[in-house]
1. What distance in nm separates the two pseudo spin-label positions at A:E367 and A:Q260, each 7 Å out from Cα along the beta-carbon direction?
2. Based only on other Cβ atoms within 10 Å, what is the fewest-to-most ordering of B:I79, A:I294, B:I289?
3. Full-extension gain between B:T67 and B:W222, please, as 0.36 nm times their residue separation minus the C-alpha to C-alpha distance.
4. So if R0 is 41 Å, what FRET efficiency would A:R447 and B:L211 give, r being the distance between their Cβ atoms, rounded to the nearest 0.05?
5. For A:R455 and A:Q431, FRET efficiency with R0 = 22 Å and r from the beta-carbon atoms, rounded to 0.05?
6. Going by Cα centres, region A:322-366 and region B:237-270 are how many Å apart?
7. Using only the Cα atoms of chain A, build the gyration tensor, take square roots of its eigenvalues as a ≥ b ≥ c, and label the shape rounded, prolate or oblate: rounded if a/c is under 1.5, else prolate if a/b is larger than b/c, else oblate.
8. Need one word for region A:88-155: rounded, prolate or oblate. Basis is the Cα gyration tensor (sqrt eigenvalues a ≥ b ≥ c); a/c below 1.5 gives rounded, then a/b vs b/c decides.
Amino acid sequence: MAPFRPVALLLAVLLVASLPTPGRTQPAAGSGLTVQLTAEPPGLDLTATPASATATVVFYNVQEALVKVDERGRLVPWLAERWYTADNLNYTFFLKRGVRFHNGRPFTAEDVKYVLDRARNPETRHPHVKHYEDITAIHVKDAHTVTISLRKPNAMFLYTLARQGSVMYPREAVEQLKSQPVGTGPFLLARWDRGDRIVLKRNPEYHVRGLPRLEQVTFRFIADQNAALAALQAGDVDVVAGVGLGPESVEVVRRAPNLQVIVGESTSDVILALNNSRKPYSDVRARRALTHAIDKEEVVKGAMFGLGRVLGTNIDALNPYFVDMSKAVPYNPEKAKQLLAEAGYPNGFDAVLKVPPQYPYTVRTGEVIVGQLARVGVRVRLEQIEWGQWLDRVYKQADYDMTIIGHAEAWDAGNYANPKYYFRYDSPRFQEIYEKSESTLDDGKRRALYHELQRIMVEEAPVVWLYAYPRIVAAKKGVQGIWKDLPTPSFDLSEVAWAK
Amino acid sequence: MPAWRSLFLGFARLVAPPRPATSGGAVFGVARLVAPPRPATSCGAPAGFARLMRRYIVRRVVAFLATLVVVSILIFVVIRVLPGDPALIIMGTEGSPEAAAALRRAMGLDRPWPIQYGDWVRRALQGDLGRSIQYDVPVGGLILSRLRVTLPLTVLAALFMVAAALPLGMYAATHHRRLGDYVAMIASQLGIAIPSFWAGLLLILLFAVKLGWVQAGGFAGWEAGVGAAVRSLTLPALALGLIQAAILTRTTRSAVLEVLYAEHVRTARAKGLAERVVTWKHVFRNAVIPVVTIAGLQLGQLMAGSIVLENVFYLPGLGRLALGAISARDLPVVQGVVLFVAATIVTLNFTVDLLYGWLDPRIRYD
């Protein structure tokens with residue numbers, strides 16, 4: 001019968017197609033590495049988007065800055081070989097010689113001037129114009145010497161030059177940064193198959209001898225955590241990192257004979273944000289009550305399978321001024337009830353907790369917290385909202401009671417000094433100390449100020465700091481050179497290699 | 001009746017939505033639900049045929065364009081009413097709100113909607129669907145490149161669906177209330193109950209992780225050869241077709257059952273025709289209209305289902321493009337994809353309408 005002839009043909013095709021293939025296509029060890037990436041970058045221009053997916057691909061791999069944050073969180077010279085300042089206002093940088101952009105042109109002081117002038121010009125829509133606002137002039141002395149002048153001492157200045165938004169690129173490539181970024185990094189962008197993968201190729205002219213050690217790096221976009229794990233198990237990808245691997249899968253990977261797991265620290269602080277402009281969160285007693293009501297150890301166990309460090313303030317363990325405040329406001333439901341009564345809520349209150357399921361940990365963490373708060377009479381309804389809506393409603397308009405999110409940026413205490421930020425936390429005391437810390441360059445004095453900041457955070461409890469999201473990397477055995485901790489949002493692949 | 005003749009007659013009657021000849025007869029039960037039948041008034045007279053044909057085509061084209069206009073306005077408004085915009089998403093939680101506002105202005109999103117829409121329509125009419133915000137490439141090319149994955153995936157899933165459902169449904173009906181029937185029905189019930197993403201994960205675990213026969217996902221690309229490309233689409237197509245195959249099996253079974261005991265079948269048997277001829281020529285042919293109707297609707301569902309499976313198998317297809325574009329508020333891409341899908345589904349429905357006439361000469365299009 002007519003309808004069945006194509007059917008038989010199809011069955012034959014399917015059968016043939018499902019037969020095992022001899023010799024699966026895999027790059028020989030030592031040549032290439034395939035890395036899973038959860039989100040596809042919204043453009044590859046680091047001077048236009050702070051997205052972590054963009055930084056993972058481009059920062060340190062394709063483009064580099066004058067200064068670099070190394071694995072231990074220290075600032076080290078990079079495209080600038082050394083620098084000096086006599087007055088903390090005028091910094092002279094001596095650029096590394098023999099550095100070339102991927103387009104073959106030498107990197108010079110003119111490029112530094114162009115890049116930083118562009119960053120501080122609000123019309124170019126750099127996501128962090130503010131970071132550069134203290135710069136008053138950039139003076140090119142010769143091809144390899146440049147002086148940057150500041151209007152006032154800025155303790156974060158060198159760090160700002162190490163940020164992803166301060167990467168060096170050639171002026172002639174400024175129009176193509178979004179889809180074909182050019183830089184000085186160990187790899188150059190070979191291909192971006194939209195929706196599928198980004199391929200980086202070794203830069204043979206790289207200015208650090210012997211690096212990079214890989215010929216090629218392929219980033220594949222796999223959003224689903226289960227699919228990412230299956231791809232690792234099946235050998236389709238070599239590395240799964242970041243939020244790509246759920247904490248629940250760490251044991252599975254650990255037990256697999258051909259895989260390894262790296263668990264380290266990151267700068268991502270997961271918080272229960274409270275809208276300080278709304279009742280009852282405007283009352284410090286209510287906020288402290290919520291902190292007392294939450295058993296953070298249990299949250300880490302329940303939502304993160306025990307991975308992640310309990311936080312006491314927004315200063316994470318990778319920060320040099322970190323003080324362990326995790327026990328400062330301990331779990332104490334009785335105390336919580338008492339504080340709620342003092343604040344005028346003897347019977348608790350109702351609240352809506354908005355979480356974005358794009359980040360699965362926010363939902364799981366929320367579920368644990370709803371149960372814990374119920375024990376002190378706070379009735380919380382968990383509401384899942386899509387990421388775009390979260391950014392609009394919660395982040396932009398501060399239309400929320402409570403929410404859970406991880407803040408990935410390092411050195412982000414300034415968010416608490418900004419009363420317009422979505423916490424709506426307005427503390428003149430905190431703002432004053434923070435301002436002081438920004439312009440204090442003496443390390444001892446600055447450390448004291450940061451300790452003070454952490455004390456204020458504990459006392460005023462603007463949000464509930466829950467835990468630092470762990471850095472979790474799962475990789476095939478034999479992959480070496482991956483950073484254990486992640487003090488900066490990048491994925492430095494220059495020293496990664498396969499064991500011989 | 002030779003196939004070419006029925007095809008010709010069917011085509012000759014394509015001047016309006018299909019109208020089955022009789023109001024009675026359970027055979028067309030399902031078809032009637034989908035395309036309300038009306039009795040034909042006369043046998044297909046070829047007089048004035050060209051005029052009727054022209055009228056029919058004009059009517060269909062107008063309906064087609066109207067659908068596209070309505071859909072484009074709808075999607076244009078819906079995606080702008082949704083909270084969130086591309087500038088916010090590009091800036092995320094790390095960028096400053098001032099930078100997001102400046103970016104929004106630069107993208108022209110602060111202009112009134114009607115102006116933005118007019119602008120978009122004007123360019124679309126010139127064949128320019130705009131540029132993707134996230135990808136910085138033309139939307140038209142983006143859609144075409146994704147079709148290279150989604151189209152074969154959907155076709156493969158549809159073929160799988162038909163290949164599994166028709167024989168199974170026929171078998172179950174001809175073995176009514178016997179063991180084979182029950183087995184087939186339990187199997188199809190399971191198929192309906194298993195969500196496609198789960199079926200996909202199970203298939204990955206078995207064939208990719210345990211057996212290592214295929215890759216866990218991803219698309220090899222047509223450059224890697226037809227064999228490799230089809231192989232990387234086989235598992236997702238199976239997972240995608242499973243639930244639809246189960247539904248179609250049940251439809252086929254009940255459609256065949258309704259015809260199986262009809263009088264013309266008894267007559268055919270009484271004439272002494274071989275059982276095989278009875279089954280295929282007299283039963284199947286008459287039972288196939290509701291099956292085609294449902295299968296036509298299922299093609300649309302396969303396209304929708306591909307969104308889920310392209311994510312599980314991380315295939316760079318149209319569904320994943322749409323999903324990613326919606327969550328990134330990549331407005332030009334969302335508009336382009338939705339418009340394209342709407343056009344495809346309208347065309348599919350049209351094709352199914354044409355099929356009716358071929359399958360049942362009594363159906364008229366006046």
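Where a number appears in this text, it was derived from the coordinates with a stated rule and is not lab data. Predicted model, so just to flag it, every value in this text is computed and none were measured. Methodologically, a virtual Cβ is constructed for each residue, glycine included, from the backbone with ideal geometry; neighbour enumeration extends over all protein chains shown.
1. About 3.3 nm, to one decimal.
2. Numbers: B:I79 19, A:I294 22, B:I289 25.
In increasing order of surrounding Cβ atoms, one gets B:I79, A:I294, B:I289.
3. Numbers: separation 155, 0.36 × 155 = 55.80 nm, distance 3.34 nm.
Once the chain is fully extended between B:T67 and B:W222, it gains 52.5 nm.
4. On the way: r = 58 Å, r/R0 = 1.41.
Efficiency, rounded to the nearest 0.05: 0.10.
5. On the way: r = 15 Å, r/R0 = 0.68.
Once the sixth-power term is evaluated, E becomes 0.90.
6. Cα centres, region A:322-366 to region B:237-270: 59 Å.
7. Details: a/c = 1.99, a/b = 1.10, b/c = 1.81.
Cα axes put chain A in the oblate bin.
8. Numbers: a/c = 2.58, a/b = 1.34, b/c = 1.93.
Since a/c reaches 1.5 but b/c is at least a/b, the shape of region A:88-155 is classed as oblate.
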